[in-house]
């Protein structure tokens, strides 16, 4: 009877611990309702060499605005056709229109129609918009320009323990690491929430590494890596369980199959002992 009680106690303890919630899974554990957490100052994306942007100029005189706009490209399977930016007429073809863009050269300039070389490196989207607008007004060719700038090739990569690793596009300013993780389908159950790595390229200076603990809201929101930059790489490290599963020896004492086999064997032996004792 004592042996039965011991077995029942062990089973109960195993059930309790197996049902407990691991503390390293839940995000933002230190945040409470209505609590104010200090965050890092917002960091809009600034243009770098090889970035590609679209710039559209509008004004009351469409013919004047057309001088400053690159042509649209109509694409269909097996064909590329250049169209006037002012017409927008592609007939009945099964096509999609996309505007061509400006690439920031290695020295930080774009070659803009009529105006010529414009230095945009280090500018935010709003700063570049205002700068080009002022240059158009100073040229005495456009009195009331409306300038719209959009990012075209800005992106980041996500690797490791996420649902959908890959490269994703940054389509707006103030894009956060939580936005990036969301696009990648969130971390898998095997991803280490306390060890999310971010690699940021700093041009000729090299790369800078950051480590974030996204179970900690205060640390996450105050990190310089909270706001994403173009070219960032996120790597979600696997937890110890996942790393052990990748060992060459599949029958390692730390694999799930081993523990299942061990529990089965112990259960069988215990059952046999109980039968022998109760006879």
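Derivation of every value follows stated rules applied to the coordinates shown; laboratory data play no part. Here the structure is a predicted model, which means the values were calculated and not measured. Positions of Cβ are generated from backbone atoms using ideal geometry, with glycine treated the same way; all protein chains shown enter the neighbour counts.
Values computed for the structure shown
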{"item": "Calculated FRET value between residue 66 and residue 42, using beta carbons and R₀ = 30 Å, to 0.05", "result": "0.25"}
{"item": "Peptides ranked, highest mean first, by Cβ atoms within 10 Å: ranges 41-50, 120-129", "result": "120-129, 41-50"}
{"item": "Added length on full extension, which subtracts the Cα-Cα distance from 0.36 nm per residue, residue 143 to residue 25", "result": "36.8 nm"}
{"item": "Whole-number Å³ per residue for the convex hull built on Cα positions in the range 125-182", "result": "82 Å³"}
{"item": "Cα-only radius of gyration and Dmax that characterise the range 169-249, units Å", "result": "13.9, 47"}
{"item": "Separation in nanometres of the label points that stand 7 Å from Cα toward Cβ, at residue 163 and residue 107", "result": "4.8 nm"}
{"item": "FRET efficiency for residue 150 and residue 242, using Cβ-Cβ distance with R0 set to 35 Å, rounded to 0.05", "result": "0.35"}
